[in-house]
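Colleague: Before anything else, here's the structure in question.
None of the figures in this text is laboratory data; all of them are computed from the coordinates on show. No experiment lies behind these values; they were computed from the predicted model shown. Note that we place each Cβ from the backbone using ideal geometry, even for glycine, and neighbour counts take in every protein chain shown.
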């Protein structure tokens, strides 16, 4: 068990509740009158919504501590801590995640984020109503506000009777955590509203959790907090220690912390700390004040659950471009959406064959409509984001309050013009340039490490995949850098350096001398263009050898396709520029 450093030296939030006698009275403080933020319609939940949280202001700033870290109990001796060490401890809990920054003043620290996790989203949801996520601008004046020195309330607030709207906590990756009960009082987990990571999408077009994200322990460890509750107390994962009615306990240094529990409601049955209740809200759909305002793009008041739908997940298909896949009656459907630098958003609905009629939509596209594209503009917010970027740097979390969520190393993608079949590589930056680390690979026993390749949404009916990387140094000349065939359709990636080790067959390098990959390495220092292509075939062409073969280059591969059906293909064009 970790031990906490002494608690913080700042003032605490005062609790006051309007129209609610059970709100905790202020302890050693005076009641504070507050004015709620100017929330838009996205913050009012609809009884037909799958999500209780999507419409609420979803700001949750909470201060995380562990037994060895910054204590947040009012019972500890705050005078022994200095501000810089307190903030350094808080920052350290968030530093493994990009796109999250911490700022502070004398009373609060502020979590700035885009609520865009570095893991998948959506997969596993079986109760869904056409929401898809966009990043949220929880930064600056719209960031999460957490008291630096939380204070125990005289009376804890039961989260069955309160806070069915808005967040209760904010995870260390900047994603808010809502009450597990939705705005109708239903357990969101038990009714299938949550994905494999404990989150889903709300009417504010936001992604948020309804469970403590214990999966984050893989990155931060089991002895670090996973979130901060909005009352300022840290939230940890599961424990074998005895817990109180709020699924919390006091650690060996006298500092209070919440924990995740395997028992419903899974976390925070009570809010123990002093909080302010938004005076514009009414129990049980009240919320802790203040919280950020969401920036929804799609008007969703008319959205209804899509009967029989199950969500398969989201794939990044390009810069700020994503494909959301769901399934109804064993047929796959997609919402392909993107936005440009001017905050113009486009949402295209198609089935697995590219069809745009008889879609199982329930509000976003009118029944029987021949239109399958939604277009919106949201000048309040748009930013470059990427899925799956788990890298972090020393300056990924700072106390300046500034943030840059874009990451040029998050990968580059291309998508078929017919379906959602997509091809990508994390070795290529967002501008389409090969990263220096993947140029001029050194040969080991005549073999170079191959470029990492990923793909998704393989079309139905595909019996075999083939991959080629080739270029045209002269109009009449073709260079083959990688040729692979007989790839099983269940395969979704070739990790870095693993092209020579898969259950498929491989052709020669550029020189035709070895069964391997050739990396770009232009001695003249010129910029060269490359074409990575994946082919979804009805079957493996019979003319291709059932073994690695030096005779199979791009031209040979292409010629063999006359024997089979090319169901779909994706071309990813990129360049290799001279290294600096």
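Colleague: Which distance in Å, rounded to a whole number, links the C-alpha centroids of the stretch 516-567 and the stretch 307-379?
Modeller: Distance between centres, Cα-based: 32 Å.
Colleague: For a quick size check, give me the Cα extents of the stretch 152-276 along its three principal axes, largest first, whole Å.
Modeller: So the three principal-axis extents are 41, 34, 24 Å.
Colleague: Return the FRET efficiency for the residue pair residue 566, residue 492: r is the Cβ-Cβ distance, R0 is 25 Å, and the value is rounded to the nearest 0.05. Present the calculation step by step, with values, prior to reporting the outcome.
Modeller: On the way: r = 19 Å, r/R0 = 0.78.
Taking R0 as 25 Å, the efficiency between residue 566 and residue 492 is 0.80.
Colleague: What per residue convex hull volume, in Å³, comes out for the stretch 272-334 when only alpha-carbon positions are used?
Modeller: Convex hull of Cα atoms, per residue: 203 Å³.
Colleague: Dividing the convex hull volume of the alpha carbon atoms of the stretch 310-376 by its residue count, what do you get in Å³ per residue?
Modeller: Details: hull volume 5.8 nm³, N = 67.
Convex hull of Cα atoms, per residue: 87 Å³.
Colleague: Please compute the length gained on full extension between residue 240 and residue 527, using 0.36 nm multiplied by the number of residues separating them and subtracting their Cα-Cα distance.
Modeller: On the way: separation 287, 0.36 × 287 = 103.32 nm, distance 5.87 nm.
So the extension gain works out to 97.5 nm.
Colleague: Another question, if that's okay. Once every Cα of the stretch 412-576 carries one equal point scatterer and solvent is ignored, give the base-10 log of I(q)/I(0) from the Debye formula at q = 0.09, 0.12, 0.13, 0.15 Å⁻¹, two decimals.
Modeller: For the stretch 412-576, the Cα-only Debye profile gives -0.26, -0.48, -0.57, -0.77.
Colleague: Output the peptides 422-430, 247-255 sorted from most to least packed, where packing is the average of other Cβ atoms within 10 Å over each peptide's residues. Show your work: numbers first, answer last.
Modeller: Values: 422-430: 22.4, 247-255: 19.0.
Descending packing order for the listed peptides: 422-430, 247-255.
Colleague: Working out 0.36 nm times the residue gap between residue 304 and residue 186, then minus their Cα-Cα distance, what length gain in nm do you get to one decimal? Intermediate values should be presented prior to the final figure.
Modeller: Numbers: separation 118, 0.36 × 118 = 42.48 nm, distance 1.65 nm.
Result: 40.8 nm gained on full extension.
Colleague: Order of 219, 532 from fewest to most other C-beta atoms within 10 Å?
Modeller: Taking fewest neighbouring Cβ atoms as first place, the list is 219, 532.
Colleague: Still on this model: Counting other beta carbons within 10 Å of each residue's own, what order do 230, 550 fall into, fewest first? Please list the in-between numbers first.
Modeller: Numbers: 230 35, 550 14.
Ranked by crowding around the Cβ, least crowded first: 550, 230.
Colleague: Distance in nm between label sites at residue 341 and residue 543, each 7 Å beyond Cα in the beta-carbon direction?
Modeller: 4.6
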